[in-house]
Amino acid sequence: MDIFAVFLADVYSTVARYALPVLAAAILLRCFASLIKPLREPEIWAYLLLPDGQRIPVRHWENTIGRASSADLRVDYSSVSRSHAVLTRSESGGWLLSDTNSKSGVYAGGRRIDKTVPLRYGDVFALADVEMQLIPISQAERLEMASRPQIVYANPALSFFLLTVFQIMTAVQLLLAAGEDRSVMILLVFCILAATMWVYYFLIRLFDRTGFEVEIIAFFLVTLGFACTASSSPSALLKQMVAAVMGLAVFITLGWFLRNLNRARKTRWLMCVIALALFAVNIALGFTEYGSKNWIDLGFITVQPSEFVKIAFIFFGASTLDKLVTKRNLFTFIIFTALCVGALAVIGDFGTAAIFFVAFLVIAYMRSGSFATIVLICAAAAFAVALLLRFKPYIAVRFQTWRHIWEYADTSGYQQTRTLMYAASGGFFGLGAGRGRLANVFAADTDLVFGMLCEEWGLLIAVMAVVSIACLAMFTARCAQNGRSSFFVIAACAAMSMFCFQTMLNVFGSTDILPMTGVTFPFVSNGGSSMIASWGLLAYVKAADTRPFASFAAKQGGSGDI
Amino acid sequence: MKKVARRSAAAVILAAVLTIGLGYFVFMYVTEGKSWATYYANSHLSGAVQSSTVDVYDRNGLPLLTAADGKRAYSDDPGIRMSTLHTIGDLDGYIFSPALKVFSEELTGYNPFSGVSSRADSLTLSLDAGLCKIALSALKGAAGTVGVYNYKTGEILCMVSSPTYDPYSPPDLSESEVGYEGVYVNRFLSSAYVPGSVFKLVTAACAIDTIDDIFTQKFVCRGSLTLSGQKIVCNNVHGEIGFKTALAKSCNAAFAEIAVQLGSDILGDFVEDTGVCGGIGFQGLKTSSGNFDLNGANTGDLAWAGIGQYTNLVNPCTLMTFMGAIANGGEQRLPSLIAGMEGKKGEQLISPVTAGLLKEMMANNVTQSYGSSNFPGLKICAKSGTAEVGSGANPHAWFAGFLDDPNNPYAFVVISEHSGSGSEVAGSIANTVLQALVKS
C-alpha cells in the first residue's frame, strides 16, 4: 500500500475509534429516552358503575374485582370478597365475567354463575348483594382519546440512519483490518443487514406504528455481534446473517400472532407439546460438542433445539388473569419445568438449564406472588445442584477454577484469563473492530464475546451493550403497569429475565465474577439458533408494549381497533 | 392486573443485579486492568522479538532492536549484538527476551482508559551497550557472566552472558547438543553457581551479627583440618590468624571454624533472611533461585557450606544486589532494566553496623590481598572466589563487590567459568569494566 493510503487508514481508524462510541451512545440514548418517556394515562376501556353512583374506570383487559386495595376494580363493600371476580375483555371487544371461587358468589341474569359468563354493556350483575353495571366509555371520551396528541418518540428514521452510519463505519474498520479475501463477504453481510433493517422499518410504518426502540437496540447488538464474528470466525458470517434475517421473520410472525390473545391462549398446550417434542428429538438425535449434547444435525445445518424451547417455555408459562386467580396452583407448570430442566441435565447443558430455572422462578412468582413457594423451590434446586456436583465432578472443576483463574491461568482458567487480559488491553475506546487478539481464542465470539467487545470496541460500548439489555428489562416492567393482559406481562417479564440472566452468565462467567457456563450473549454471540431464539423472545417484549401507536404486536387501544 | 404488574419487579431486580455486576466489573477493570493486561501471555505487549513492534535502545540512545523494512533489525556493531543478545532475545525465540518482558510489565504508558493503545512504542534500557561489549571481550571467550548495577537507583548498566552468538548468524544446534553449552541461557538472571569463597561474606556477616568477640578471636590454620571425617584444605598455612585477615586471605580453616561456631540453625536462618541463596524478582523478571540446605548435614558439611561449597548455589544477579545492600548500609535496592526508572526499594538485609564493618573488611581485602594497584583509581570493596566445581575441572573464578564512591555507586559480579583464580582472572575483568564505566 502506498504511504498515503496507509496514512488515510490510520486517520480513519483514529477517528472511528472515538466516533463509534459517540454514535452508539447517541443511538442508545435516543432509544432509552423514548422508552422512559412518562407513560400516558392508561387506556380506559369501560366503566364499572357501583350502587353509590361511583364510576370506576376499567384500565386493563383483565381486571380483578374485589374488596382488597390491590384489586384492579375496588368494590369496598363488606359482603364482597377480597378477590371476588375477574372481568376480561375478549378479543371481539365484548366482556367476560368470571367468578374466582368467591364465597358469596357472582350473580348475573338473576342466577349465580358457575364459572364465566359473557357480559354486555348495561347488564346488571352482582357480587354477593352488591349490584353493578358495566357501561361503555362515551362517544365524547372516545373522540377525546383519539384526538390526544400522539406521543412523539425520538424519530426512528433518524435512529435507523445513525445506526446505518454506525454499520458502515464498522464495515470499513473491518475491511481495513481484515485480509482482502474477506472483504467481499464483510461488505455483503453488512449491506444486507442495513437493507433488512430499512425494509423492516418501512414495512412497519405501513401499519402506522412508530415505536422502534426495542428493535433498534436489537439491531445495534446484532451489528456488534456481526463485527465480532467477522473478526473471530469470518466463515460463520454468512450463516449468522441468514439467522438474523430468519430471527427477524420469527419476531414479526410471533409478534403478529400475539396480537390476538385468544388465539395465543388456545396455543399454550401446543407449545407445551412442541417444547417437549424438541427435547425428545434432541435427546434421541443429539450429538455432543464441547461437553454437552445440545446439538442436532439437520444435514445441511446444525441447530440447538433448546434455544427454541425457550420461546415455547415462556408461552406455556404465561397465563391470563382469570386462570391465574382461579387456578392458583402451579402444578402443571412445575411438572413441565421439571421435564425441561431434566432434559437439559440429560443433554448436559447446565447453563441453559439455569436460564430456564430463572425464567421459571420469575413466572412462578408473577403467577402466585408467593415468596414462600419461591424459597421452597430454590431450596429444592440447591439440593439438586449439590447432587449434581456430587455426580458430575467435571462441573465441580469449573467451580474450583472460579475466583482462582490466575492460579490456573494457562489451564482451566485459560479462557477467563484471556478474556480479562485482552479486555483490559482495549481501554475505554477499544483497539478497533478486527484488531483484537482474543479473536484467536476458542469460543471468542460466543462465550467470551464480552471480552471481544471490550478489546475491539472498548469498555464504553461493551458497557452500553449490557446496559441496553438492562434498559429493555426496565422498560418491560414499566409497560407492565399499563399491561392489558397478565399473559403479555408475564411473558415479557419472563423473556427479559431470560435475557438478563443469560447476559449475566455470559458476561460474568467470562470475567470470573461467576463460574464459567458457556452461554451466549443475546443477539451478540455467534450462533444461529441463539440469534433466532433471541428475536423470538423479543416478540414478547414487543407484545407488552402498550404505548399508543408504538407496537405492531399490540392492537391499537382506546378508540382504535374496537 | 395491579398485582401482576407489581410483580414485574422481578424483571427489575434481575436488571439491577445485571447492572450492579457490570459496575463491579468496571471497578475491577479500573483497579486491576493493568495486572490483567500485563499478564505475560498478552500478545499485544510481549510476544517474540520478531513480531514485536517495540524499538529498543540503550541508555545512550544506541539502537539495539528497531524496525527496518518490516523486519527486526539489531545493532550494526556485531560486538553489541552479541553482548546484548541475552537482553534483547534472538529472532527464533530460543532466547527469552528480558527487555520485552520488562516492557510488557512496566509498559510505561498503560492505563485502563486508553488500554494498550497508549503503550510506548519504544523502550530505553538502562544498559550501556558499549560497556556490555567491553565486558564480553574482557571475558576472552570464557563462559560466564558480568553484571554491574547502580546500587542507589537499581539501574542495570551491564548484563552479559557468555557464550553468546550473533543473532544474524545463529549457530545450528539442531544437529547435536555439543556446541550448546547453555548458549540460550542468560547466565546472569537464569543460572545458579557454586559461590566458593565469595560466600564467606555471608558467613562473615552472620558471624559479626552473632559472635560478640569475633574480631578479637584468633584462629589457627595448619593448612587443613578434619571435621566429621572430612578433610578441609586451605589455600595456604596461615598459622594464627584474625577474622579480618582470614577474610582477606580467604582462610578456609578459619571460616570452617566460624561456621561450626555459628551452627546450622543460625547460619541457615541468616541465609534464609538475607535471601542470598534465593531468587529475586523485578519488573516481571524472576532470577533463578540458588540453594542452601543443611538438612542432615554433619559438621564437615556445615564447614564446607560456610566456605561456599557443599551444596550451596547462588544466582549472580541476586549476589550482585547483596553486594549493593552491603554498600547501601544493608538496604537492598532491586534492579531495574529501564533507563530512568528506579528499581524498587528492597528489604534491610543486614544491619547498618554489620554492613559498615563488612565494607571495611572488603576494602581491606583489596589492599591486603588483591592489590590496589590492580584497580587504579577505584575505591573498590570486593571479595574473590575460586569455586571448586568437581575434581579435575578448573574452578570458576568469582569477583564480586562494589565501589564505595558516591559518584560511582556501582555493585558488580563477575564469573569466569573454569578460569582458575578469582582475584586474578575475574578481578581483572571487573577492573576493565569498572574503569570503562567510571571514565564514561
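Rounded to the nearest 20 debye, the dipole magnitude of the stretch B:190-439 is 600 debye, with +1 charges on Lys and Arg beta carbons, -1 on Asp and Glu beta carbons, and the Cα centre as origin. Amide H to amide H, with H built 1.01 Å from N, B:Tyr410 comes under 5 Å of B:Tyr151, B:Leu403, B:Asp405, counting only residues 5 or more places away or on other chains. For the protein assembly as shown, DSSP calls about 95 percent of its internal beta bridges antiparallel. Fully extending the segment from A:Glu289 to A:Ala386, taken as 0.36 nm per residue of separation minus the present Cα-Cα distance, adds 32.4 nm. Using the empirical formula 2.2 N^0.38 Å as the baseline, the Cα radius of gyration of the stretch B:311-381 reaches a ratio of 1.26.
Dipole of the stretch B:190-439 computed with +1 at Lys/Arg Cβ and -1 at Asp/Glu Cβ about the Cα centre; of B:Val425, B:Ile211, B:Gly278, farthest Cα towards the positive end is B:Val425. Give the Debye-formula value of log10 I(q)/I(0) at each listed q (0.07, 0.09, 0.11, 0.13 Å⁻¹), with one equal scatterer per alpha carbon of chain A, two decimals each. Taking Cα atoms of chain A as identical point scatterers yields -0.46, -0.73, -1.02, -1.31. Pairs of C-alpha atoms in the stretch A:135-244 farther apart than 18 Å represent 56 percent of all such pairs. In this structure, B:Ser440 and B:Phe27 have a Cβ-Cβ separation that, at R0 = 51 Å, corresponds to a calculated FRET efficiency of about 0.55. Taken about its Cα centre, the protein assembly as shown carries a charge dipole of about 4880 debye when Lys and Arg each add +1 at the Cβ and Asp and Glu each add -1 at the Cβ. Computed from Cα atoms, the angle from the helix A:414-426 axis to the main principal axis of chain A rounds to 80 degrees.
Amide H contacts of B:Arg333: B:Ala325, B:Gly346, each under 5 Å away and 5 or more positions distant or on a separate chain (H built 1.01 Å from N in the peptide plane; Pro and chain starts excluded). Between A:Phe300 and B:Val237, how many nm apart are label points set 7 Å from Cα along the C-beta direction? Placing both labels 7 Å beyond Cα along the Cβ direction yields 10.3 nm. Using Cβ point charges alone (K and R +1, D and E -1), the dipole size of the stretch A:233-293 about the Cα centre works out to roughly 380 debye. For chain A, the relative contact order works out to 18 percent when only alpha carbon pairs closer than 8 Å and six or more residues apart are counted. Helix A:180-206 axis versus longest C-alpha principal axis of chain A: approximately 20°, rounded to the nearest ten. Projecting the Cα atoms of B:Ala99, B:Gly79, A:Leu23 onto the charge dipole of the protein assembly as shown (Cβ charges, centred on the Cα centre) puts A:Leu23 farthest toward the positive pole.
Across peptide B:377-385, the average count of Cβ atoms from other chains found within 10 Å of a residue's Cβ is 0. Span-like helix check, chain B: qualifying full DSSP H segments, with Cα axial length of 30 Å or more and mean Kyte-Doolittle of 0.0 or more, are B:9-37.
Quote the relative contact order of the stretch B:190-439 in percent (integer), defining contacts as alpha-carbon pairs under 8 Å separated by 6+ residues. Relative CO of the stretch B:190-439 lands at 19 percent.
Peptide A:66-72: average number of partner chain Cβ atoms within 10 Å per residue?
Shielding by partners across A:66-72 averages 2.
For chain B, the relative contact order is 15 percent, taking Cα pairs closer than 8 Å that sit 6 or more residues apart in sequence and dividing their mean separation by the residue count. By the Stokes-Einstein formula, at 1.567 mPa s and 4 °C, the protein assembly as shown with its Kirkwood radius over alpha-carbon pairs has D equal to 38 µm²/s.
Charge tally around B:Tyr29: other residues with Cβ under 14 Å, Lys/Arg +1 each, Asp/Glu -1 each, net -2. When the pairs A:Lys555/B:Lys3; B:Lys133/B:Lys244; B:Lys286/B:Lys345; A:Lys103/A:Lys310; A:Lys542/B:Lys3; B:Lys133/B:Lys383 are compared against a 28 Å limit on Cα-Cα distance, B:Lys133/B:Lys244; A:Lys103/A:Lys310 fall above it. With respect to chain A, whose longest principal axis is taken over its alpha-carbon atoms, helix A:458-481 is tilted by about 10°.
Residue by residue, the stretch A:165-172 carries 3J(HN,Hα) couplings of 4, 4, 5, 5, 4, 4, 4, 5 Hz when phi is fed to the Karplus relation 6.51 cos²θ - 1.76 cosθ + 1.60 (θ = phi - 60°); x denotes Gly or Pro. A:Thr520: net charge of surrounding residues, Cβ under 9 Å, Lys/Arg +1, Asp/Glu -1, itself excluded? Computed value for this residue: -2.
R0 = 25 Å: FRET efficiency of B:Asn374 with B:His418, Cβ-based, nearest 0.05? Working shown, then result.
Values: r = 22 Å, r/R0 = 0.87.
According to the calculation, E is roughly 0.70.
Mean per-residue shielding of peptide A:361-373 is 2, counting Cβ atoms of other chains within 10 Å of each Cβ. Ranking B:Ala120, B:Ala135, B:Val220 by Cα position along the charge dipole of the stretch B:99-236, where only Lys, Arg, Asp and Glu carry charges on their C-beta atoms, puts B:Val220 farthest toward the positive end.
Computed from the coordinates by the stated procedures, all read-outs in this text should not be read as laboratory data. The structure presented is a predicted model; accordingly, all values stated were derived computationally and were not measured. Neighbour counts are summed over all protein chains in view; Cβ atoms, including those assigned to glycine, are modelled from backbone coordinates with ideal geometry.
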